[in-house]
1. Pairs please, first residue from the stretch A:286-310 and farther than 22 Å from A:Glu221 by Cβ, second anywhere and hydroxyl-bearing (Ser, Thr, Tyr), Cβ atoms under 6 Å, 6+ apart in sequence or on different chains.
2. Could you say whether any residue in the stretch A:2-19 is more than 19 Å from the chain's Cα centre (by Cα), open to solvent by 40 Å² or more (accessible area, probe 1.4 Å), modelled with pLDDT of 95 or more and not aliphatic (A, V, I, L, M)?
3. Is it fair to say A:Ala105 is open to solvent by less than 30 Å² (accessible area, probe 1.4 Å) and either in contact (Cβ under 8 Å) with a residue 60 or more places away in the chain or out of contact with any Phe, Trp or Tyr (no Cβ under 9 Å at 6 or more places or on another chain) (or both)?
4. Starting from residues that are within 13 Å of chain B (Cβ to nearest Cβ) and assigned to a helix (DSSP H, G or I), keep the ones in the stretch A:46-86 and report whichever is surrounded by the most Cβ atoms within 10 Å (Cβ to Cβ).
5. Looking only at the stretch B:1-21, which residues are open to solvent by less than 70 Å² (accessible area, probe 1.4 Å) and without any contact (Cβ under 8 Å) to a residue 12 or more places away in the chain?
6. Taking only pairs six or more apart or across chains, which ones have beta-carbon atoms under 6 Å, a first residue in the stretch A:172-193 that is under 16 Å from A:Asn68 (Cα atoms), and a second residue that is open to solvent by 60 Å² or more (accessible area, probe 1.4 Å) and among the charged types (D, E, K, R)?
7. Give the residue, chosen from B:Val239, B:Val216, that is at pLDDT 95 or above and more than 30 Å from A:Val318 (Cα to Cα).
8. Is it the case that B:Ala134 is within 9 Å of chain A (Cβ to nearest Cβ) and surrounded by 18 or more Cβ atoms within 10 Å (Cβ to Cβ)?
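The values are calculated or read from the model by the stated rules, or taken from the named source; none is laboratory data. Everything numeric in this text was worked out from a predicted model, so none of it was measured. We place every Cβ from the backbone using ideal geometry, glycine too, and count neighbours over all the protein chains shown. Heads up: the accessible areas ignore ligands, DNA and RNA and are worked out on the full protein's heavy atoms, side chains in. Shrake-Rupley method; radii C 1.70, N 1.55, O 1.52, S 1.80 Å.
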Amino acid sequence: MSVLVYAENRDGLFRKATLELLSYAAEMAKAMNTHVVAIAIGCVQTDELVKLGQYGAVKVLKSNPDFNILDIKAFAKIIVAAVEKEQATVILFPGSINGSALAPAVAARLKAGLVTGVVALPTSFDPLVVKKMVFTGKAFAATKVTTPVKVLTLSQNSFGVAEPGTGAAVVEEFGVEAAKSAISLVEVKKQTGKVLLTDAEIVVSGGRGLKGPENFGLIEELAELLGAATGCSRPVSDEGWRPHSEHVGQTGKIIAPVLYIACGISGAIQHVGGISSSKHIVAVNNDKDAPIFDVADYGIVGDFKTVLPEMIAAIREVKAK
Amino acid sequence: MKILVCISEVPDTTTKIRFTDGNKALDTAGIQWIINPWDELALTRALEIKEASGGAVEAVTVATVGAAQAEPTIRKALAVGADNAIRVDAPATDAWYVAVQLAEVVKSGGFEIVMTGRDSADYNGASVGGMLAALLDYNTLSSVSSMALDGGKIIAGREIDGGTETLEAELPFLAVVQKGIAIEPRIPAMRGIMMARTKPLQVVPPVDTGCLTENVEFELPKSRGACRKFAADEVKALVDVLHNEAKLI
């Protein structure tokens, strides 16, 4: 028996979502009286693999370094082989874009029950019952898995990253014959140095109240100052003021930062669903009756054009101290 | 070639969610049912692909797993422009059950291109498309935000963490699509609504399989405390609270 973790890497490095997932896996394994094995697919340096031991993995399977893009079919076959080798009864994926794509592919191949968007440790192990988000952030369900092998994806920022320990994982080569899909990469565009919306501790978001794309410079400036990611409401991405990848809300991204700052966002129910797991919410809106104030912890009733520059100046001041 | 778009019906996204039966079931009283938003965008793009294909795409079919009460939603998809529809006559219990049913639909219909929404706005399984691709062993891409048919190949754009990829995929192919694949869903016109009444809607019995998960109970998020409001000229005071008291910045 073991808990198997899909350790997703980005450009050869393990990021927060993977470390959070391992922290979660370690707690689960402890409760199940078993151990954590991680599998990494693609090119990752050995010292980076060993580091997963600090977050509770006893072993890391180093697999198929020749993959440069997500190949769902091939990756699922490799992970299924690892499940069989390690006799895993629980398989965990991050709730990232790629983790969310792989979990159902693996679950279907194993005919294992799958719960996505898990937000907490199981409330019961036999039978396994976990809490997950439903109705796009408007409610939670306790979901029971009735199969011997279980697959879960963990909502990002729902559990937190544990303090690293001193453990070092054993790295084991695990090559699997997996034919590549008939899919080839034409082009890749990446923005470097930008904080990812789904990773971010702080998110600064703008809505239609900002009147036009030209005013998002203030959002970017505030975000940069706070080391935050930028987001927006649906009308803003629909209008093309901001890219769709920044859309926060029911049909966009559902996020759970420590601090969410909503500027010029009225707080439609579809938007609120996407931010309701934020630990703290600050709202800036010139309408004192805007529904965003019903979910905000702190609010400023005022025009973004004067409030945001003042906020930026005041934060600069406290940061300088 | 034929395209299948998998759709489901979900509560309108403005619905205030309530539960009943001791928090064991969704309170469906007063709920307006709509096509799952991502599925609706998938359908919109599928129709555009068909129109641009110069006859290479013969038909766009929609399929759903659901009881007879899902038919108004299916008729809406037909009114928007789908050529025909298939309803697997069974309640959609869990993702596995639905994926097994749809795999049967794909195999018996010979669909080379399948499109599904990334997630569903009800139980947020975000699983059916991925499971279906696995059951069919089709080439597949997730978080697809643009898609075109180029000769016999698919050119697709997908979101990755911090960027986008453009890829070329061979058929048979399943796309799990998200926002961006289309911006605004198509709205049915009167002519479409009239035509939808007579378009073929085939009802098929389910194949035998079980479900692997079960939602046993629901809860609503805890309500947040009252908002601490500051006036427009108190920005400094708010920043001070966020920095010194709440220690958030």
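1. Listed pairs, sorted by first residue: A:Ala290/A:Ser266.
2. Filtering the stretch A:2-19 down to residues more than 19 Å from the chain's Cα centre (by Cα) leaves A:2-3.
Subsequent filtering for residues that are open to solvent by 40 Å² or more (accessible area, probe 1.4 Å) retains none.
Scanning the stretch A:2-19 turns up no residue that is more than 19 Å from the chain's Cα centre (by Cα), open to solvent by 40 Å² or more (accessible area, probe 1.4 Å), modelled with pLDDT of 95 or more and not aliphatic (A, V, I, L, M).
3. No: the conditions fail for A:Ala105.
4. A:Ile79
5. Correct list: B:Thr20 only.
6. What qualifies is A:Ala178/A:Lys77; A:Ala182/B:Glu170.
7. On the way: B:Val239 fails: more than 30 Å from A:Val318 (Cα to Cα).
Criteria check complete, one pass: B:Val216.
8. Judged against the criteria, B:Ala134 is a match.
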